[in-house]
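Everything below concerns the one structure shown next.
The values are calculated or read from the model by the stated rules, or taken from the named source; none is laboratory data. Being a predicted model, the structure only gives us computed values, none of them experimental. Backbone-built Cβ (ideal geometry, glycine too); neighbour counts: all protein chains shown. Please note that ligands, DNA and RNA were not included when accessible areas were found on the heavy atoms of the full protein model with its side chains. Shrake-Rupley method; radii C 1.70, N 1.55, O 1.52, S 1.80 Å.
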Amino acid sequence: MEKELILIIDFGGQYNQLIARRVREQNVYCEVVPYTISIEKIKEKNPKGIIFTGGPSSIYTEDAPKCTEDIFNLNIPILGICYGMQYMAYTLGGQVKRADKREYGQMSVNLDLNSKLFNGLDDKNICLMSHTDYVDSVPQGFMKIANTDTCKIAAMQNEEKGFYGVQFHPEVNHTEKGNIIIRNFVIGICKCSGSWKMDAYAKTTIENLKQKLGDKKAVCALSGGVDSSVAAVLLSKAIGKNLTCIFVDHGLLRKNEVEEVEDIFTNKFDVNFVKVDAKERFLNKLKNVTSPEQKRKIIGEEFIRVFEEEGKKIGSVDYLVQGTIYPDVIESGLGKSSVIKSHHNVGGLPDYVDFKEIVEPLRNLFKDEVRNLGRELGLPDYLVNRQPFPGPGLAIRIIGDITEEKLEILKDADYIFREEVSKNNMEKELSQYFAVLTDTRSVGVMGDERTYDYLIALRAVVTDDFMTAKFAKISYEILEKISQRIVNEVNHVNRIVYDVTSKPPATIEWE
Ligand code: XMP
């Protein structure tokens, strides 16, 4: 079958990978490429459609990103989004102007339902607008197909050529039914069949990894979580025994986790598996450290050092494999957005890393896509559905300094919480749930005795992408049971609270 590709030309917008995800949701394969791509390369790739992303620039600034103008002569449909639409209008002879102030927010957009792009929508649709420049007149051969009260050309088309532009962002959730617009473009206009599946993604990725790594050796930073496990299996399918999975027990893992991970990767998968007992080493480095960012940096750095040491034992190792996924990349501020937390597997890396290269095969995928991929690769459901667990582990769930005593308390409390969630069959409906050991102690009474003990917070959230999340509405009865059990079964805990904040404004983890 002919390979169907949608090429996404990256003009630097913050939602580019989200556009890619939306295209994949239509079961169509896509690639994000820089706007500097040559016309020869585009021809070689032979896409069925092209999407221009948004971007922060104005078309009139000197270094405004512009791709090859020959792209308009390929006879391939193009959808320009935001800056992408302005670039299309400007290049093809329309007028782009600069407004006095930026238009930002959800707006009601009037749509021309005769356009194929808006097939199946209502004539008014709430869309996210975010722009300063705007298209003031469309190029010859184009017509306007949408407007708002303040933006007279909110979308345009040249149906004959298959060129479309939208000033709003169909890829974000803040645009209602944006997925239908993407579908209309890739399936309706570009005539993709929508038959691509994650198994094809797995095959292509494994093939690419095979070519890139050849017979070189790689080590994989395995945490036992979904992301690193999927990355490990991808790599093991690409380079077999040239991959060694290194599992660092930093002493900050949940109760029983070390044993579970060891069991899966020694008994169920045929990989080189090395477990490193590094608990003391990590706890020593973390002694008296209270700052969340410092904890992350220390753990990130120590991880890399352990890997390097283990790597040297294996011989010459060129590649370090990590299970970084797309939300880690944006939240760590490697895109243009500001740093929220430096996730240890991205921004927390020390400057000096003794590997030729870091390989991150999941870097462009969202969590639910990684789970699908894991299933395609034959990973068992219980592993694929595992809730995420942060690289720095329980260190960022103990507020303040970390001691062995606090770790034991938190592990036991967290275990009870997980056990009750499982007993009540709530694992599927909760995206993430865990206990936090706060730095607060409060007065209580047990029997006839006054106590002055720790406060445990329970956190449970529901989310698709972990970039926003709602606190989970667990019933009072279940919370009561969990609270009673923790206070009765775990020493030095006398009070439990439930976190009722969503993200934003809170984050999922407390540190
Ligand atoms: P936040 O707390 O930023 O978490 O709302 C979003 C998701 O990311 C996980 N998380 C991390 N994962 N290294 C990781 O691998 C980290 O440093 C890290 N910090 C947060 C968190 O558990 C949630 O799933």
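Worth pointing out:
- Residue list for the stretch 149-175, filter: under 30 Å from D465 (Cβ atoms) and crowded, with 18+ Cβ neighbours inside 10 Å: C151, A154, A155, Y164, G165, V166, Q167, F168, H169, P170, E171, T175
- Taking each residue of the stretch 498-511 that is hydrophobic (A, V, I, L, M, F, W, C) and looking for partners that are more than 8 Å from the ligand (Cβ to nearest atom) and not in a loop (DSSP other than H, G, I, E, B) with beta-carbon atoms closer than 8 Å, six or more apart or interchain, yields V500/F471; I508/R459; I508/V461; W510/V436; W510/T438; W510/A457; W510/R459.
- Hey, M467 assigned to a loop (DSSP other than H, G, I, E, B), more than 16 Å from the ligand (Cβ to nearest atom) and surrounded by 13 or more Cβ atoms within 10 Å (Cβ to Cβ) or not: no
One line per residue, one yes/no per condition, for (1) assigned to a strand (DSSP E or B); (2) in contact with a Ser or Thr (Cβ under 8 Å, 6 or more places away or on another chain); (3) within 15 Å of I76 (Cα to Cα); (4) without any contact (Cβ under 8 Å) to a residue 40 or more places away in the chain:
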residue	(1), (2), (3), (4)
T150	no, no, no, no
Q157	yes, yes, yes, no
E160	no, no, yes, yes
P170	no, no, no, no
N173	no, no, no, yes
F185	no, no, yes, no
W196	no, no, no, no
T205	no, no, no, no
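- Residue count for the stretch 90-110 under the criterion of being more than 32 Å from the chain's Cα centre (by Cα) and open to solvent by less than 80 Å² (accessible area, probe 1.4 Å): the result is 7.
- Taking helices (runs of 4 or more DSSP H) as the structural unit, no element lying wholly within the stretch 239-321 holds at least 3 residues that are assigned by TED's automatic domain parsing to the domain that holds Y433 and open to solvent by 20 Å² or more (accessible area, probe 1.4 Å).
- The condition of being of a type in the set (A, V, I, L, M, F, W, C), over 30 Å from N173 (Cα atoms), more than 14 Å from the ligand (Cβ to nearest atom) and open to solvent by 10 Å² or more (accessible area, probe 1.4 Å) does not hold for I482.
- Any hit, the stretch 212-235, residues being closer than 30 Å to D412 by Cα, part of a helix (DSSP H, G or I), open to solvent by less than 30 Å² (accessible area, probe 1.4 Å) and polar (S, T, N, Q): yes
- Between E420, E427, E408, the distinction of being open to solvent by less than 50 Å² (accessible area, probe 1.4 Å) and either away from the ligand (no atom under 11 Å from the Cβ) or not charged (D, E, K, R) (or both) belongs to E420 only.
- Apart from one condition, R495 fits all of (1) more than 16 Å from the ligand (Cβ to nearest atom); (2) part of a loop (DSSP other than H, G, I, E, B); the exception is (2).
- Of the strands (runs of 3 or more DSSP E) entirely within the stretch 22-106, those holding at least 2 residues that are modelled with pLDDT under 95 and among the hydrophobic types (A, V, I, L, M, F, W, C) occupy 29-34.
- Where C82 falls short, out of the listed (1) closer than 15 Å to T132 by Cβ; (2) free of Cβ contacts under 8 Å to residues at least 60 places away in the same chain: (2)
- Residue that is surrounded by the most Cβ atoms within 10 Å (Cβ to Cβ), among those in the stretch 487-511 that are β-branched (V, I, T) and within 19 Å of Q432 (Cα to Cα): I508
- Residues that are more than 19 Å from the chain's Cα centre (by Cα) and surrounded by fewer than 16 Cβ atoms within 10 Å (Cβ to Cβ) were ranked within the stretch 377-389; the one that is farthest from the ligand (Cβ to nearest atom) is G378.
- Subset of the stretch 390-402 [outside any helix (DSSP H, G or I) and either free of Cβ contacts under 8 Å to residues at least 40 places away in the same chain or surrounded by 20 or more Cβ atoms within 10 Å (Cβ to Cβ) (or both)]: P390, G391, P392, R397, I398, I402
- Extreme residue, surrounded by the most Cβ atoms within 10 Å (Cβ to Cβ), among residues of the stretch 182-205 that are modelled with pLDDT of 95 or more and among the β-branched types (V, I, T): V186
- Breaking point among (1) modelled with pLDDT of 85 or more; (2) in contact with a helix residue (DSSP H, G or I) (Cβ under 6 Å, 6 or more places away or on another chain); (3) open to solvent by 30 Å² or more (accessible area, probe 1.4 Å), for D354: (1)
- Residues in the stretch 351-389 that are out of contact with any strand residue (DSSP E or B) (no Cβ under 6 Å at 6 or more places or on another chain), of a type in the set (A, V, I, L, M) and not in a loop (DSSP other than H, G, I, E, B): V370, L373, L383, V384.
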